[in-house]
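Contents: one structure, followed by commentary.
The values are calculated or read from the model by the stated rules, or taken from the named source; none is laboratory data. The structure presented is a predicted model; accordingly, all values stated were derived computationally and were not measured. Note that each Cβ is placed from the backbone with ideal geometry, even for glycine, and that neighbours are counted across all protein chains shown.
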Amino acid sequence: MRLATYHAHTDLCDGKDSAEAMVLGAAELGMTDIGLTAHAMYPVASEWHLPIQKYDEYVDEVRRLKTVYADRIRVSLGFEADWFPGLSAPTRARYAPFSPDFLVGSVHYLAPAGRREATGPFSVDGPIDVVARGLEECFGGSGRRAATAYWGAVREMVESCDFDVVGHLDLARKHNAQLGLFDEGARWYRAEASACARSIARSGKVVEVNTGAIARGTMDDLYPSGWLLSVLARLGVPITVSSDAHSVSGLMAAYDRARAALAAAGIGETYWLSEKGWVGEPL
Ligand SMILES: [Zn+2]
Ligand SMILES: [Zn+2]
């Protein structure tokens, strides 16, 4: 049985441990596959992205680990690539110079349409005070407007970019419990998220069940929510489980909760990255 994560950070971006420590840690846990995914916004970078001058070092190191530990664990080279319209996008063409095995596409930045430079953007998973200020400046404090913009951004990314895995699909929920931004059960919210789920189903992309918020103590739940996971299951969207680990200790954090969520949603298989692409394996 495959035991995998296709979302892991290292000390070359905002993680704590080296790529080699992450690979060895995963092997020691009995994992069969690890895909490393440096935060990337090529050709630019913020303080939490892989610096532009470190791309070659990252790629060379992951390729070296792939060879050195081939008999213990399957290592894949990936990027968690940001969607930032006009600046960067998670597309094969953009990352072709680095020949990645796969790309995770993520929306972290949010800004109101047409006002990107005036008032934004801000990172929806940033510190709570940054998110609160960004919401006020960009969306007049309206959680509904912010969530609608978030789902619009994810849909646009899914429909216009050729990446593999949709990262932390409903990340905008991260501070919802503390900030009380929107009602996840509201008709408008479910319509936005469902429309995005249908786009994903049409695109053939994989969605990760991401346990990272639990490991880091930022939200006591998985991405996506149980409700959204059941929508994805009905649409037949391929699912993989990832920890979004930023240290060795987070590599398999809350995997028991992920498995329980898959069972509750009626999902009987998870996807892993073989030589021939993403394939499902029964749980
Ligand atoms: Zn992310
Ligand atoms: Zn991540």
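Only one residue in 219, 252 is away from ligand 1 (no atom under 16 Å from the Cβ), in contact (Cβ under 8 Å) with a residue 40 or more places away in the chain and assigned to a loop (DSSP other than H, G, I, E, B), so which one is that?
252
When you check residue 123 against the structure, is it out of contact with any Phe, Trp or Tyr (no Cβ under 7 Å at 6 or more places or on another chain) and polar (S, T, N, Q), yes or no?
No: the conditions fail for residue 123.
So, in the range 222-249, exactly how many residues are part of a loop (DSSP other than H, G, I, E, B) and within 16 Å of ligand 1 (Cβ to nearest atom)?
Selection size over the range 222-249: 6.
Among the residues of the range 215-245, write down those that are at pLDDT 95 or above and β-branched (Val, Ile, Thr).
231, 237, 239, 240, 241
When residue 103 is evaluated against the numbered criteria (1) crowded, with 17+ Cβ neighbours inside 10 Å; (2) more than 20 Å from residue 35 (Cα to Cα); (3) not β-branched (Val, Ile, Thr), which criterion, by number, is the only one it fails?
(2)
Enumerate the pairs (first residue in the range 23-42 and under 24 Å from residue 90 (Cβ atoms); second residue anywhere and of a type in the set (Asp, Glu) and in a strand (DSSP E or B)) with beta-carbon separation below 6 Å, excluding pairs fewer than 6 apart on the same chain, so at least 6 apart or on different chains.
37/80; 39/80; 41/82
Within the range 1-50, can you find the residues that are surrounded by fewer than 20 Cβ atoms within 10 Å (Cβ to Cβ), part of a strand (DSSP E or B) and within 14 Å of ligand 1 (Cβ to nearest atom)?
The answer is none; no residue qualifies.
How many residues are out of contact with any Leu (no Cβ under 9 Å at 6 or more places or on another chain), buried (at least 19 other Cβ atoms within 10 Å of the Cβ) and not hydroxyl-bearing (Ser, Thr, Tyr) if we restrict to the range 239-267?
Residues that pass the stated criteria total 4.
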